[in-house]
Amino acid sequence: MHKNIFISYGHGAYQENVHRVAEDLRGYGFNVFFDADYLKQGDWETIIDEHIVSSKYFLFFVSEKSTSPEGYCLNELCRAGESNSIIIPILVDDAKVPLSINKYQRLFFKECFDGKGGLLDGKYKDFLCQLVSIVSGNIRLGYADEDVRLETMLKPISSKDFVYRYYDSFCGRREAFEQFERF
């Protein structure tokens, strides 16, 4: 498995937890770019740009820090969009998802935290399992549209099943008029 994954996040309170995600993905055999592992190797802007362009998946950890105009993450997000990476928004806190990726379904990393910022093992394992399924190509995230979510949740029935249930007692227009005339 040789799928490149680029991780974009805002440095700060969640950095340690995001780094754990990177390490766990590496444990599954993925090629993961996490900036802290590379920043001392020279021209970091060029290094970041090359890794974004060569990545199939771009994990954007949405937080107050990563969506701040003063940070660098929005530049990374823009480059990922230009390079046709598969962008996966991952919510870390209550920050607004940038408009450019608001249409995408998202993962909820913030549900994995206890009240002190630590990870809840069970929730984290579920999150990681879902993420691995996505970057393995087993699950494809769609769009965050209401109808997509409703269809997934409600599992609509086939209209054929609904119509054929009444088919035996169906009478057409001609038969209805004939019955009326006979009456």
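The values are calculated or read from the model by the stated rules, or taken from the named source; none is laboratory data. Nothing here was measured: the structure is a model prediction, and the numbers come from that model. Glycine gets a Cβ as well: all are built from the backbone with ideal geometry, and neighbour counts include every protein chain shown. These area figures cover heavy atoms from the full protein model, side chains too; ligands, DNA and RNA do not enter into them. Shrake-Rupley method; radii C 1.70, N 1.55, O 1.52, S 1.80 Å.
Summary table
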| item | result |
| --- | --- |
| Beta bridges per DSSP with both ends in segment 19-114, % antiparallel, nearest 5 | 0 |
| Listed pairs LYS40/LYS123; LYS56/LYS103; LYS40/LYS96; LYS103/LYS125; LYS40/LYS116; LYS65/LYS103 exceeding 29 Å between Cα atoms | LYS40/LYS123; LYS40/LYS96; LYS40/LYS116 |
| Accessible-area composition of segment 1-148, carbon plus sulfur, in percent [1.4 Å probe] | 48 |
| Nearest-20 debye value, segment 3-109 charge dipole, Cβ charges on Lys, Arg, Asp, Glu | 420 |
| Rounded, prolate or oblate (a/c below 1.5 giving rounded, otherwise prolate when a/b exceeds b/c) for segment 38-94 by Cα gyration tensor | oblate |
| At R0 = 35 Å, FRET efficiency that the Cβ-Cβ distance of SER100 and ASP121 yields, to 0.05 | 0.55 |
| Positive-end residue, segment 1-122 charge dipole about Cα centroid, Cβ charges, pick of VAL53, GLY117, TYR38 | VAL53 |
| Residues listed by number, segment 24-47, amide nitrogen under 16 Å from HIS11 label point at 7 Å toward C-beta | 34-47 |
